[in-house]
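Taking it in order: structure first as structure tokens, then the write-up.
What follows draws every value from the coordinates through simple rules; no lab data is involved. Quick caveat: nothing in here was measured; it's all calculated off a predicted structure. FYI the Cβ positions are ideal-geometry reconstructions off the backbone, even for glycines, and counts take in every protein chain you see.
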């Protein structure tokens, strides 16, 4: 965030539920969505892998077919479970979210055809397993295309959700590819892919050991124990690699949203992942029949990790957007007031000031007193800049987000440069909860002009308050 | 005003929603809301008559519905949401706030519906014989859930056409139980049943062989299904038409035929009625001589259903014009309440991502193009679908376009054409927009510059710069 970030107005109807409730819904249901997305994507990747290996060992082809059958259910649940989180994020972050999706709209809307085609091809792949046996290469190509399509969709989501955190970058981002290479998107993507392999590995460990999985009927010599070991190895490897991918994600996070609570949530997540990894290692080294007695411990620990990470992700987002959201709220309130007044035939002062700045003749303020500073050549320029940048937070006599001009003018009487200096580098006595961000992209002279304007307005406001003087 | 503008220069913004939306409605009604009751009826009939051919046919039809509904059907449903939020985030954001609890409930019901559709189809072979009754129960539950998802969403569509007392009281229940709701729900429910029969006729032919008596039996069954529902569908349509606000009915000719065929609306209406009559005829033949119906005759109902449903959706969307939410928000994304302020102060000073904040003597064309993007581009393009250049050319032909005339027209457009919203900006902005539009007569868009140069004269290329210049605004892509 910096002070030149455009601040939009929000949809003006009130939120129908307390935002805290939306946050809880979002965190819980997003985690569920993620679970099924992981199962779906992991399923597609493992189907591809085992069908390829099936060309050498026929048992793997049968295994691939069994894994492919899980995709139908997991892919449908992945989609429907994603709708809830989309609903909550639409309400919680209306402006940043819609702003982002319209910015990279071409990529965003392609999610629909991409997923649609992937799903249709996945059905084609599943239901032609026997029929296309003579054309195995083509059949494998089908699932490879599904994999590519479904690998691209999370990338679009991640890019969107990442770009949403940085409205100050919007003026500089040109399209999807540009947004894709912002820091943090690709590390997060890696983190997500490893999670998909880990989750699917854990799912298959259990599923291939249940009586519902007809191993003895399916395979010539592939045993349940072999499968158990392979899937535990996959889950262990992918989880272990998270200890490299995780820090990479953390290190590339922009500082904006970092605070102690976020770090605390992430630390708790890591703390739960360590025993999970240890139990995975033990299970891997004690080949027994069944999933092993530590299986549910592992599931519990990893679920906790995911929950903490999802919470951390939310806290980071809330923190990095808090100032922006507050500014949006202030601007919206201000706008709604103008809308209401306009209905009564009263029109805002600032628009008149803007017109004055454009067409020069000075406007006499209502109090009848005219500040001599209006004669200053810099006043009109300051007026214009003020109404581009500062007006979002500062009003003549009332406190919006920042202090009223009247108060600033008293502090810096006769020192417009002081205001300019502060604006470039706001001092340490920032007032909670919303510190003023530095104004970038304006020169010292321009900011001094704003100072002149503020002193002028402050002067007039002071006379309004005490006309006898 | 408060979001970067996403604009499809050729295809047009509203076409994106229309294509996704029409596809979704056809699949939802034909294959889910109407389709699953038909499948369950066929399955139940087979179970009652102890004839496994019916069960086999039902399962095959269900396979088609299952594949299409869980891919194209589900994704286009999400697609409507994503595309509306891209094109009209103001409206989407508002609807989500009004209907949160409906949407939330719909989502939970939808999750259940998807789980049930997977369960119903994937358990077909395992829940057979003694357990058939359970399988049919799953099917019936699925019917109820897929109907509820539609019933919840239809409340939102009715609200957009007439929010009724919500305008003043802003209560959730007023929003849901708007005047349009129940009639529209009745129409869509019965329409879905008829549509599924139309698809079922063709699928019955496809999944049975000519050698068995099953084909004739199935065609007779499905024809009866269509004829049972059709009268109710007609009554519901009349009821629905009756509750549409009277001023919207005036839009019907353009809604049915677009401006190009506005005068032929009666013919179009007649053609749609004839198509419906054809469906009745084929269904009657399906009952009397099912064995002699040719394949082509069985294709007609499915095509007729798609055409009628498409025409209905297009009309419903257009009748509502100039509003996106009747009496609350115009199709151009501005609220009715915004007008007193914006027509006085202008839209540019309040548009967060516009390239300019006010009209000055030097920036007329740039300001005009910005006003076009903000106030017109939701429905219009420059040269694509519903292109403004073609409209002005049709109006003024080759005579030089006049700024004052076009400005006057912009300011009074809503009086002339009931489906156009009033211009949201102030006078200076109407002037800048008029100047920008006039510049289009001689300016050539960059992509087609070479093709048009000889036809539009030597001066054309020289003047293309102003209109073709990309404003340094934040735009979506």
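Structure notes:
- Cα-Cα P(r), chain A, percent of pairs per 10 Å interval: 4, 17, 22, 19, 14, 10, 7, 5, 2, 0, 0
- Counting every pair of alpha carbons in region B:69-195, the share spaced more than 27 Å apart comes to 28 percent.
- Partner chain coverage, peptide B:319-328 - average Cβ within 10 angstrom: 0
- Three-way shape label, region B:13-330, alpha-carbon gyration tensor, a/c 1.5: oblate
- Prolate/oblate/rounded label for region B:346-398 (Cα gyration tensor, a/c 1.5): oblate
- Histogram of C-alpha separations across the protein assembly as shown, 20 Å bin width, %: 12, 38, 35, 13, 2, 0
- Angle in degrees between helix B:214-243 and the longest Cα principal axis of chain B, rounded to the nearest 10: 40
- Shielding by other protein chains, A:13-23, mean Cβ within 10 Å: 3
- Taking the centroid of alpha carbons for each part, region A:273-340 and region B:336-413 are 47 Å apart.
- Working note: 222 nm ellipticity from helices only, DSSP H runs with n ≥ 4, each -39,500 (n - 2.57), summed and divided by the residues of chain A, gives -24000 deg cm²/dmol to the nearest 500.
- Relative packing of peptides A:301-313, B:402-414 - highest average C-beta neighbours within 10 Å first: A:301-313, B:402-414
- For the peptides B:179-189, B:269-279, the ranking by mean Cβ contacts within 10 Å, running from highest to lowest, is B:179-189, B:269-279.
- Report note on the peptides B:6-19, A:214-227, B:116-129: ranked by the mean count of other C-beta atoms within 10 Å, highest first, their order is B:6-19, B:116-129, A:214-227.
- Euclidean distance of C-alpha centroids, region B:1-53 and region B:158-194, integer Å: 20
- Cα-based helix-to-principal-axis angle, A:185-207 vs chain A, degrees rounded to 10: 30
- When the helices of chain B are scored as -39500 (n - 2.57) per DSSP H run of n ≥ 4 and the total is divided over every residue, the value at 222 nm lands at -21500 deg cm²/dmol.
- Euclidean distance between Cα centres, region A:51-102 to region B:119-141, Å: 26
- Degrees between helix A:19-53 axis and first principal axis of chain A (Cα, 0 to 90, nearest 10): 40
- Shielding by other protein chains, B:67-79, mean Cβ within 10 Å: 6
- Sorting B:333, B:316 from the fewest to the most surrounding beta carbons within 10 angstrom yields B:316, B:333.
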